[in-house]
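The values are calculated or read from the model by the stated rules, or taken from the named source; none is laboratory data. Remember, predicted model here, so these are calculated numbers, not experimental data. Note that each Cβ is placed from the backbone with ideal geometry, even for glycine, and that neighbours are counted across all protein chains shown.
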C-alpha cells in the first residue's frame, strides 16, 4: 500500500478518536477519492504515492473553487468549512512553488526547447514548453499558474 494512503488512514483514525469532525470529514473524502481512482478503469489497481498526490491535488482544487463559489453566494459558513478542509489536505501535498521558483523552472524549460529548435519558441511551441515545465514541477504548482508563467515567457 502507498505510504501516503497509509498515512491518510492512520490520521483519519486519530482524527476520529479525537472527534475532530472537519479533519475526519476531509480525510474520509480524500480516501474515498483515492479508492474511486483505484477502482476506476478496467482493472482495480493500487495507486502510487505520486498518483495519490494527484488525487489530493484535484480534491484540494475542488475545495478552493467551492469556497470561492460559496463566498460569491454569500454563504460564509460553508466557505469557511471548505477552507478548513483545504487546509487539512494541504498538509499532505508537496510545498507549492513560489513565483520566483516557478519562473526559474519556466526559464530552464524555455531554454531547453529553444536549444532543440535552434530558435526561441513561440506560441506554437507552448505545448512543448508546458510539457517540460510540468515534468519539473510535478504537482508543486497548479496548471493554471504554470500556463500563465509560460505564456508570459513566450510573449516577452
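Screening the candidates 108, 64 for the property of being at pLDDT 90 or above and assigned by TED's automatic domain parsing to the domain that holds residue 11 yields one hit, 64.
Being touching a helix residue (DSSP H, G or I) at 6+ places or on another chain (Cβ under 8 Å), under 30 Å from residue 2 (Cα atoms), part of a helix (DSSP H, G or I) and not assigned by TED's automatic domain parsing to the domain that holds residue 55 is a condition met by no residue of region 116-123. Taking region 30-63 as the range and being part of a helix (DSSP H, G or I) and touching a helix residue (DSSP H, G or I) at 6+ places or on another chain (Cβ under 6 Å) as the test, the residues that pass are 30, 31, 33, 34, 37, 49, 52, 55, 56, 59, 60, 63. Count, please, the residues in region 30-49 that happen to be crowded, with 16+ Cβ neighbours inside 10 Å and free of Cβ contacts under 8 Å to residues at least 60 places away in the same chain. Matching residues across region 30-49 total 6. Answer yes or no as to whether residue 147 is touching a helix residue (DSSP H, G or I) at 6+ places or on another chain (Cβ under 8 Å), closer than 29 Å to residue 7 by Cα and outside the structural domain of residue 24 (by TED's automatic domain parsing). So residue 147 does not fit the description; no.
Checking each residue in region 1-29 for being outside any helix (DSSP H, G or I) and surrounded by 14 or more Cβ atoms within 10 Å (Cβ to Cβ) picks out 2, 20. Of all the criteria given as (1) within 21 Å of residue 99 (Cβ to Cβ); (2) touching a residue at least 12 places away in the same chain (Cβ under 8 Å), the one not satisfied by residue 122 is (1). What do you reckon, is residue 81 farther than 15 Å from residue 142 by Cβ and in a helix (DSSP H, G or I)? Yes; evaluated as a whole, the condition is true for this residue. Restricting region 102-117 to residues that are touching a residue at least 40 places away in the same chain (Cβ under 8 Å) and surrounded by fewer than 20 Cβ atoms within 10 Å (Cβ to Cβ) leaves a set whose member that is farthest from residue 137 (Cα to Cα) is 107. Screening region 65-94 for residues that are in contact (Cβ under 8 Å) with a residue 24 or more places away in the chain and within 15 Å of the chain's Cα centre (by Cα) and picking the one that is nearest to residue 22 (Cα to Cα) gives 85.
Within region 88-101, the residues that satisfy the criterion of being in a helix (DSSP H, G or I) and loosely packed, with under 14 Cβ neighbours inside 10 Å are 99, 100.
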